[in-house]
Each structure stands twice: as structure tokens, then as C-alpha cells.
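What follows is one structure encoded as C-alpha cells, with my remarks underneath.
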Amino acid sequence: MTTSRNARRGAWITAAAVLALVVTGPTVSVARAEPSSGAPASTLFGQPAAECPPLSPSHNLFVGFRLPGDRLVVTEPVVKDAVPGRIVLVEQTFSVPSPQRITLLEAVDQVCDGTGASVSILQGGPGSGSVTLRFKSERGQGINFVVQLYAR
């Protein structure tokens with residue numbers, strides 16, 4: 001009986017450590033090069049990237065971490081227009097080429113004023129070859145995210 005109790009306790013401690021890793025994962029940042037000239041900030045798909053203040057109420061999601069040798073393999077926008085008075089939902093699956101595995105998932109909200117959509121993982125993620133994300137807008141608002149996947 002004691003062995004079973006200790007095994008359950010060990011499983012809870014392991015689960016708590018994994019949860020702590022996932023919760024604290026967003027604090028790991030990825031260095032981005034800043035333009036050295038007077039050129040505008042980075043562009044994505046021909047449009048300027050959102051320049052949110054550091055403490056803006058955006059709904060970004062960062063899960064996992066990068067190690068030397070990881071490469072950016074997927075960069076894809078997720079955009080859906082607003083529907084007046086309605087909540088907009090989008091579920092989309094992103095995959096990396098086989099046999100690679102996702103190491104870092106970044107879903108960056110391009111709306112900085114707090115009215116942007118939220119994002120959650122439905123399936124997959126770091127350690128797997130694909131991830132399914134669910135984007136949910138605020139009522140009467142649209143969805144505007146950029147998803148980036150790093151893999152090795």
C-alpha cells in the first residue's frame with residue numbers, strides 16, 4: 001500500500017514539474033534581430049509586424065523552448081474577419097516535415113489592445129510532429145495571429 005501511495009505521489013510531482021515547465025515556458029524568449037538602420041521594424045507577409053508595448057494585453061501563446069540547432073520551419077498567418085455580434089472560432093492543424101519534432105510553438109497575437117482572440121492547444125505540440133490550435137475571438141472581433149513552429 002505504501003509503495004502504491006509513493007508511486008502516485010511521484011506521478012503527481014512529475015505532473016507538477018511538467019505543468020511548471022509549460023506554465024513557465026513562455027518566459028523563455030527568442031532573440032530577434034532589430035533593424036540597424038532607420039528602416040521600419042520587421043515585416044511579415046509584406047506588412048509591418050505588430051509592435052506591441054512590453055506589457056500590452058495581447059493573448060500570445062509560447063510553449064516549449066529553442067535549443068541550438070532548432071530551425072524555424074513554419075510561419076503562417078491565421079486571419080479571420082469579425083462577424084458583428086458573434087464569436088469567431090478557427091481550428092487549424094500545423095505540421096512540420098517528418099521526422100522532425102516541434103520544439104517551440106509561438107502564436108503571436110497581432111492585436112495589442114486586449115480585444116484580440118485567445119489561442120489554445122487542442123492536440124500535439126512540442127515533442128510531436130504537429131499541433132492543432134483553437135483560436136477564439138472576443139464577441140464582434142476577428143482573429144489575427146501569426147504562428148511560428150521551430151523544430152529539430
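Subtracting the Cα-Cα distance from 0.36 nm times the residue separation, let me have the gained length for residue 100 to residue 122 in nm, one decimal. Present the calculation step by step, with values, prior to reporting the outcome.
On the way: separation 22, 0.36 × 22 = 7.92 nm, distance 2.00 nm.
Gain in length upon complete extension: 5.9 nm.
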In nm, to one decimal, how far is the modelled label at residue 87 from the one at residue 139, with both set 7 Å along Cα→Cβ? 1.0 nm
So what's the net charge close to residue 77: Lys and Arg +1, Asp and Glu -1, counting the other residues with Cβ under 15 Å from its Cβ? -3
Simple spin-label estimate for residue 72/residue 132, 7 Å along Cα→Cβ, in nm, reads 2.8 nm
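FYI, it's all coordinate maths here, none of it is from the lab. Note that the coordinates shown come from a computational prediction; the quantities given were computed from them, not determined experimentally. Cβ sites come from the backbone with ideal geometry, for glycine too, and all protein chains shown count toward neighbours.
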